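Shown next, in structure tokens, is the structure this report addresses.
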């Protein structure tokens, strides 16, 4: 079935709609050759990511990304007619052509970017093989955010040919897509095991665009996925035409509920079909509000057996057949340890790989040098711990030579630039050298940003960073011990490669406002003093224990990248809650503990502002009938530094 116009039911759907410009599909893949003739007239926007440059004719991931995008957005009467040519597209490159891997962290960044840019559907023709379908916390939260914002992720099931799972396809609310051949039977390489959340679609010899011009036929779950994503986009477009609000959740349900189950004639193991085969006519009828008749399902099953060609290899219509090999996911890759502040180290970063039947390569990101403009940059307010990195052996050795030696038992030994204590002392005497380091913001040992002070207050900002780093190396029972830091700034559009090879975005910090250090011991002592007159020694110890646990929970349970409005509000509320924890001391003194933290759009806000209500709910673990106590922060995140509107409000609630 090299021509998608032959897919059963697609002509019936095209008779209703070829897409609506208000429906947006994001393609998270390799670079896309948007100059290909099939994209002439397409409404495509490429978003800035960690992947630099343009698509290349021979780049493995440029081939992959261009092929996937053309299956969705190829224009009418062009070399490749896509499924949804009149829908709007977001091209978000996440794979480069340099043979490296993509981390789950960076995939989560791209998903959040797609949601913020207004995507209704996100196509991910990639994944990582996992034991039980688990994902790293970053990716889980990003997928959860899609569900909360009614954004549908359509992801490839993988090409391992086993009952095994890939993330993100295995995560709840994601629609997993396997591949079937030209006879409507599941292809041997297509993974199964997604019983309740997946369908199979044509994935053999699918016609698509080649970067540089021309077309080719490729096979794999990577190319079945955009077929389903395109059909979903058309169903959303139909909802818009019917003057309904586009509902990706309903479309996902329609595709799953109307899938045609396989029969023993299709496969000996019916689970290989997941929930069943893509049923475009049935999904169309479901969206219209009708019921899917048994006769219709039978008709669709007959149509899907229509044969067109053979084999699952790639066929280049320009007489250049690459005979591609299977593209298999990788195991979890542990990068080389990052050079950073002791005792901070680099955590293992799970990696995502594309799932096409194509040449096997690894994909990571490379540095981008795009200029920064504050007005066009994404605001960031992130929490974490400080680290530093040298970027190269030469830079590390230069610090080693410049730093004074250390006297140990009368003998002077060379300086150790990885020793944060020595580095703090050296920067204290030579602050200008702070600019030669790559300062990093880390979450649970994983660098997520590079920090670069800029502008007239850059020297002051470097001084604050040195001071905060000094606080982090203090004893944990010291009043000067800094447990967390907050970093306000903007994403510069640039990225930097760390010593380990990991690439992280650069945050530009313009002033020292908002650069805070969380001195937990001082805070807890201050909170205790507010109730000291009435609290017993036992209560004081309970307050100390509960407040410390409360602050840790805010950090660990709600960790995020600090780029979306909700996350910036949450992080600033956490900082504000930290500074005003004495407000909660009375509740804690009464034996109450934190129950939940929620963020929702504030119904009241100033003109041209972006306001969010952050609510902290406390409960009594010893008495379930006792009313809960709620504290509310209203945060305006429209400026570089978020601000709290009014005072912290508190009330009691039975729920």
### Query
Taking the Cα-to-Cβ direction at residue 16 and at residue 457 and moving 7 Å from each Cα, how far apart do the two end points lie in nm?
5.5
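Taking the inverse of the average 1/r across all pairs of different Cα atoms in region 97-229, what Kirkwood radius in Å do you get?
Values: mean 1/r = 0.0662 Å⁻¹.
Computed over region 97-229, the radius equals 15.1 Å.
Over region 367-518, what is the mean sequence separation of C-alpha contacts under 8 Å (at least six apart), divided by residue count, expressed as relative contact order in percent?
Details: 286 pairs, mean separation 52.3, N = 152.
Relative contact order of region 367-518: 34 percent.
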### Task
Counting only C-alpha contacts under 8 Å and six or more residues apart, can you give the relative contact order of region 154-249 as a whole percent?
25
### Query
Cα-based Rg of region 1-125 per 2.2 N^0.38 Å, rounded to two decimals?
1.04
### Summary
Listing 210, 435, 185, 46 by rising number of other beta-carbon atoms within 10 angstrom, fewest first, gives 435, 46, 185, 210
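Can you pull the Rg over Rh of region 367-518, Cα-only, Kirkwood?
Numbers: Rg = 15.7 Å, Rh = 16.1 Å.
That ratio equals 0.98.
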### Summary
Quick note on 423, 61, 592, ordering by fewest other C-beta atoms within 10 Å, gives 592, 423, 61
### Query
Hey, if you drop one equal point scatterer on each alpha-carbon of region 4-316 and run the Debye formula without solvent, what base-10 log of I(q)/I(0) do you get at q = 0.09, 0.11, 0.12, 0.13 Å⁻¹?
-0.38, -0.58, -0.70, -0.83
### Query
Going out from 0 in 5 Å bins, what whole percent of all Cα-Cα distances in region 523-655 drops into each bin?
2, 11, 21, 20, 20, 13, 8, 4, 1, 0
### Task
Can you grab the distance from the C-alpha centre of region 591-608 to the C-alpha centre of region 19-71, Å, no decimals?
38
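Beta carbons within 10 angstrom, averaged per residue: use that to sort the peptides 553-559, 149-155, 597-603, highest first.
Numbers: 553-559: 16.1, 149-155: 23.7, 597-603: 14.3.
So the peptides 553-559, 149-155, 597-603, ranked by packing, come out 149-155, 553-559, 597-603.
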### Query
Which order results if 43, 106, 537 are arranged by neighbouring Cβ count within 10 Å, fewest first?
537, 43, 106
### Summary
Relative contact order of region 378-456 (C-alpha contacts under 8 Å, at least 6 apart) in percent is 35
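Only the coordinates and a few stated rules stand behind these numbers; no lab work does. Owing to the predicted nature of the structure, the values given are computational and were not obtained by experimental measurement. For neighbour counting, all protein chains shown are included, and Cβ atoms are generated from backbone atoms with ideal geometry for every residue, glycine included.
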